[in-house]
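What follows is a set of notes on a single structure, which appears directly below.
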Amino acid sequence: MTDFMNANGGLILAFLGSAISVGFAGWGSVIGVGMTGVAASGVVTEDPSNFGKTLLLQALPGTQGIYGLLIGFIVWLKIGVFGDALVSLTLQQGWVILFACIPMGLVGFTSAIYQGKAAAAGCAIVAKRPEELSKGMVFAAMVETYAVLALLASFLMLWFGVKL
Amino acid sequence: MFDNKYLYPVTRTRVLETKLLDSTKVDRMVEAKDADDVIKILGETEYANSISEMSHSLDYETVISKEIENTYKYMREILPEPELVDIFLLKYDIHNLKVMLKSSLLDEDNDFLLRDLGTIPVSKMKEMFKEKDFRALHPIIIAGLEEILNSFENSPDPQMIDIILDRCQYDTMYQLAEKSKNKFLQDFIKSQIDMINVRSFLRVKGVNLGRDYLAKVLLQHGNLDMNYYEKYLDESLDSFKDSLWIRDFYSVVAEGLESYEKNKTLTRLEKLADDYIFNIAKQGKYVAFGIEPLVGYLMAKENEAKIIRIIMVGKMNNIPNEIIRERLRDVYV
């Protein structure tokens, strides 16, 4: 068992990290985009001319999923998923990759949900005052800040922290 | 409050809110030269559909009923718990029950007063009366009907019909709200009960109808319990008012009593009480996703009906614009 972990543990942890990043950030986006979509349908039922405006709002919570995938990509790039053979990792390197992925997974998940709530409330603004779309977008986009910060943290840790 | 269940209903209702009568439209209606003109202005709004169903040029009641009916139909369609609509429809059932009971007990024909908006269609309710089978009603109301019939045997007093059925209405509304576990609905109904109780208390005290009568007309489930009012029945109005300083309807009572002492009428208090309830419904403007905006919209629609009725009656009787305006309540926008 110990031998197996010493030989493969690093890679397992690295894959787990990328799965957390892609999986959780994507999961959050699914909830956020879905929630905004439901709210947007309410607006469009009564006033179809607001389709474009509410679609913009619906797209906002979708970015977390993309950021999560980006971090996943960097991990796969580092460990040679796209190359001829996988790089062999020490257990320590595996742990570093896993922890580097956690900010993106965690913050991506929560920020997408809360951004979804803000965007859904933005749909209510569009419902009453279609000309005030930009204000609703700004409120929702504020949440994006933290997803971007998490992306930055995960990226820096992976890019400069993992020397292979 | 953020309740995912209400995402679709609330945003959809927000669009409809923009189609409510705004104060400029209402102003124009008040300034209109006659009733026909008012209908013309209504024709430019969401009411246009209902106007096409008018049987004659001044048949505004049809327009109002149609619009209210459509609003409730819409509510039932979008609410995650459609049965909650019954809380708001109950008043029409109770109204019809009162009319039919009076018709059958006093041998009058009041069918023209019936309004087919309640949870039970008028035709079905008539059948219930014919077959004396009331099992379809809420248990609280069935008990109330029995009480009325019993008390009628001893002393035929038509007023008892109103008193008992009003009590049944609010008891049932409160029970339905309690069952829904929705805090806002419970508070909303509690506040309505408070306002009714305060009015009953002042009326009983003013005309000296006595403790027994007060106990009959007071409603349960208010924020103040029934003993509270009974305790203040023998004390001065001022001490009753002062005892309420901690309540959020203090200003309603204080201002209402001030005008009562001057003019000896409760008109001002009634208007303030209506505004107070309406303001609670207006909370919906500040809640992102919950039942509040939907209740607010419903109340706004019912308020519109009142506005149209006041203006139409005023115009048909050539009442000056200022007096019509005074009678109008705040418009929900």
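Readers should treat all values here as calculations from the given coordinates under stated rules, not as data from a laboratory. Note that the structure is a prediction, hence the values are computed from the model and not measured. Here Cβ is always computed from backbone atoms with ideal geometry, including for glycine, and neighbour counts include all displayed protein chains.
Counting only other residues whose beta carbon sits under 10 Å from that of residue B:223, what net charge do I get with K and R as +1, D and E as -1?
-2
Under a point-charge model restricted to the Cβ atoms of Lys and Arg (+1) and Asp and Glu (-1), what is the dipole moment magnitude of the protein assembly as shown relative to its Cα centre, in debye to the nearest 20?
Its charge dipole is roughly 1460 debye.
For the charge dipole of the protein assembly as shown, defined by +1 on Lys and Arg C-beta atoms and -1 on Asp and Glu C-beta atoms about the Cα centroid, which residue among A:9, B:38, B:222 has the Cα displaced farthest towards the positive pole?
A:9
Dipole of the range B:107-253, Cα-centred, from +1 at each Lys and Arg C-beta and -1 at each Asp and Glu C-beta, to the nearest 20 debye?
560 debye
Show me the three semi-axes of the equivalent ellipsoid for the protein assembly as shown, from the C-alpha gyration tensor (sqrt of 5 times each eigenvalue), largest first, rounded to whole Å.
59, 27, 23
Give me the three principal axis extents of the range A:2-161 from the C-alpha atoms, as integers in angstrom, largest value leading.
Cα spread of the range A:2-161 along its principal axes, largest to smallest: 64, 25, 23 Å.
First obtain the Kirkwood hydrodynamic radius of the range A:105-147 from its Cα pairs, then insert it into the Stokes-Einstein equation at 37 °C and 0.692 mPa s, and state the resulting D in µm² per second as a whole number.
316 µm²/s
For the range B:244-300, place one equal point scatterer on every Cα, skip the solvent, and apply the Debye formula. What is log10 of I(q)/I(0) at q = 0.23, 0.26 Å⁻¹?
-0.83, -0.92
Over all residues in B:135-148, what is the mean tally of Cβ atoms on other chains that come within 10 Å of each residue's Cβ?
0
Put +1 on the Cβ of every Lys and Arg and -1 on every Asp and Glu Cβ in chain B; which of B:4, B:103, B:265 then has its Cα farthest towards the positive end of the dipole?
B:4
Per DSSP H run of at least 4 residues, take -39500 (n - 2.57); add these up for chain B, divide by its residues and hand me the 222 nm value, nearest 500 deg cm²/dmol. Mind dumping the intermediate values first?
Details: 17 runs with 231 residues, N = 333.
Per the formula, -22000 deg cm²/dmol.
Could you give log10 I(q)/I(0) at q = 0.09, 0.12 Å⁻¹ for chain B, computed by the Debye formula over C-alpha point scatterers of equal weight, without solvent?
With one equal scatterer per Cα and no solvent, log10 I(q)/I(0) is -0.55, -1.02.
Evaluate the distance, in nm, between pseudo-label points positioned 7 Å from the Cα of residue B:115 and of residue B:231 along their respective Cα→Cβ axes.
Here the answer is 3.7 nm between the modelled labels.
Taking only Cα atoms and a 10 Å spring cutoff, compute GNM fluctuations for chain B and point out the largest among B:288, B:300, B:177.
B:288
Residue A:117: which aspartates and glutamates have alpha carbons under 12 Å from its alpha carbon, excluding same-chain residues fewer than 8 sequence positions away?
In chain and number order, the partners are B:3.
Which one of B:128, B:208, A:33 has its Cα pushed farthest toward the positive end of the charge dipole of the protein assembly as shown, where Lys and Arg give +1 and Asp and Glu give -1 at the Cβ?
It is A:33, whose Cα lies furthest towards the positive end.
For the range B:82-181, what ratio Rg/Rh do Cα atoms give with a Kirkwood hydrodynamic radius?
Details: Rg = 13.2 Å, Rh = 13.9 Å.
Reported Rg/Rh (Cα atoms, Kirkwood Rh): 0.96.
In nm, to one decimal, how far is the residue B:143 label point from the residue B:53 one, both placed 7 Å along Cα→Cβ?
Placing both labels 7 Å along Cα→Cβ, they lie 3.7 nm apart.
Give the calculated FRET efficiency between residue A:7 and residue A:70 to the nearest 0.05, with a Förster radius of 30 Å applied to their Cβ-Cβ distance.
Efficiency computed from Cβ-Cβ geometry: 0.55.
So which helices of chain A fit the span-like rule, where a helix is a whole DSSP H run, its Cα atoms reach 15 Å or more along the axis, and its mean Kyte-Doolittle is at least -0.5?
Working: long enough: A:2-46 (64 Å, 1.09); A:63-78 (23 Å, 1.27); A:91-128 (56 Å, 1.14); A:133-161 (41 Å, 1.58).
Within chain A the helices that satisfy the rule are A:2-46, A:63-78, A:91-128, A:133-161.
Expressed as a rounded percentage, what relative contact order does the range B:1-103 have, with Cα pairs under 8 Å and six or more residues apart?
21 percent
Averaged over A:121-130, how many beta carbons belonging to a partner chain fall within 10 Å of each residue's beta carbon?
Across the residues of A:121-130, the mean count of other-chain Cβ atoms within 10 Å is 5.
Most fluctuating residue of A:72, A:26, A:136 in a GNM of chain A with Cα springs under 10 Å: which is it?
A:136
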